[in-house]
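The values are calculated or read from the model by the stated rules, or taken from the named source; none is laboratory data. It should be emphasised that the depicted structure is a prediction, and the values quoted were computed from it without experimental measurement. Positions of Cβ are generated from backbone atoms using ideal geometry, with glycine treated the same way; all protein chains shown enter the neighbour counts.
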């Protein structure tokens, strides 16, 4: 049952984060503004955040149940969007999970210069093969076009989906002016309006055609699972662009679920600085080929070439067909393997995925 509840809880927290940072700012303001008006100006306007630097932190404490423990994760770095192409970024990630049953630690990173991408694994930089990057770029551009078409005249994809994050908080209050990373902000405090959030989740699922893949019972359960959820929003005084978000949630899974924890406490923090300022993102020096990493992980060069050849079908000798995407037997296998990994729990499950799709054999 943990495999059901954990993704639901994570999706709830990340959706809040994504929704609250997806929109930019409008007009001026100050510490005497109505707090709901500040939220409306922050989440319902056309200004976008195209560059800057962010720091995202997540802490989860699981008490009771069959696997109590703590999770600590962070992700951040500079970013800059590129019109019609892959954005530039230089991100670092840290992840650790400690419990009575397992201990997991991971440190890594990813860099994109817009025309090449690199992965930092165990303090070594690896460059994605050009063909693999080209395939990724094609798919990224295709997704962006589809998103723009869905949005229509609305600059925000959330508006196109009928989602309004400004309605996700209740009992809001203006806590006054505060400085965040050199920017003057208005601090608004509030509590999550979970029924309103769940209603928006249903809207998004229906408009994106994902409604059949989401269990309505799990969405409804959120209203009972969330014991408390407090948020602090820091909106730019002059532009009403989000500069900081702090969230504290306490979740109480149903006691009828065998082995469920007694409570799950979540702390989510997001800082955005240097908003819409040019970012300097450089290519890592002395990067190795990603093929070397695949070799270390037991994936043969023939399998890599086969996967890349299938994934790049239609891309290596000209542009893909309009609206199309790379396809072929090899790419189907790769996609199936990636889908399998997403649902894998533990090393044995990962190995089963490799055996099922012939990776590393």
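Observations, loosely collected:
- Search result, residues across the stretch 241-296 that are loosely packed, with under 13 Cβ neighbours inside 10 Å, touching a strand residue (DSSP E or B) at 6+ places or on another chain (Cβ under 8 Å) and within 19 Å of residue 67 (Cβ to Cβ): 262
- Filtered residue count, the stretch 56-67, keeping only those that are surrounded by 16 or more Cβ atoms within 10 Å (Cβ to Cβ) and over 16 Å from residue 273 (Cα atoms): 5
- Hits in the stretch 77-106 (condition: touching a strand residue (DSSP E or B) at 6+ places or on another chain (Cβ under 6 Å), under 30 Å from residue 253 (Cα atoms) and touching a residue at least 12 places away in the same chain (Cβ under 8 Å)): 93, 94, 95, 96, 97, 98, 99, 106
- Test set (1) in a helix (DSSP H, G or I); (2) modelled with pLDDT under 85 - residue 134 fails condition number: (2)
- The lone exception for residue 117 - which of (1) without any contact (Cβ under 8 Å) to a residue 40 or more places away in the chain; (2) in the same structural domain as residue 261 (by TED's automatic domain parsing); (3) out of contact with any helix residue (DSSP H, G or I) (no Cβ under 8 Å at 6 or more places or on another chain) it fails: (3)
- Given (1) surrounded by fewer than 13 Cβ atoms within 10 Å (Cβ to Cβ); (2) at pLDDT below 55; (3) within 30 Å of residue 145 (Cβ to Cβ), number of the condition residue 346 does not satisfy: (3)
- Scanning the stretch 61-76 for residues that are assigned to a loop (DSSP other than H, G, I, E, B) and touching a strand residue (DSSP E or B) at 6+ places or on another chain (Cβ under 8 Å) turns up 64, 67, 68.
- Total residues in the stretch 225-240, condition in contact with a helix residue (DSSP H, G or I) (Cβ under 9 Å, 6 or more places away or on another chain), surrounded by fewer than 24 Cβ atoms within 10 Å (Cβ to Cβ) and outside any strand (DSSP E or B): 1
- Residue count for the stretch 155-191, restricted to those that are in a loop (DSSP other than H, G, I, E, B) and either closer than 18 Å to residue 241 by Cβ or modelled with pLDDT of 75 or more (or both): 6.
- Evaluation of residue 36 against (1) outside any strand (DSSP E or B); (2) within 19 Å of residue 281 (Cβ to Cβ) (one fails), failing number: (2)
- Single residue of 248, 276 found to be out of contact with any helix residue (DSSP H, G or I) (no Cβ under 9 Å at 6 or more places or on another chain) and outside any loop (DSSP other than H, G, I, E, B): 248
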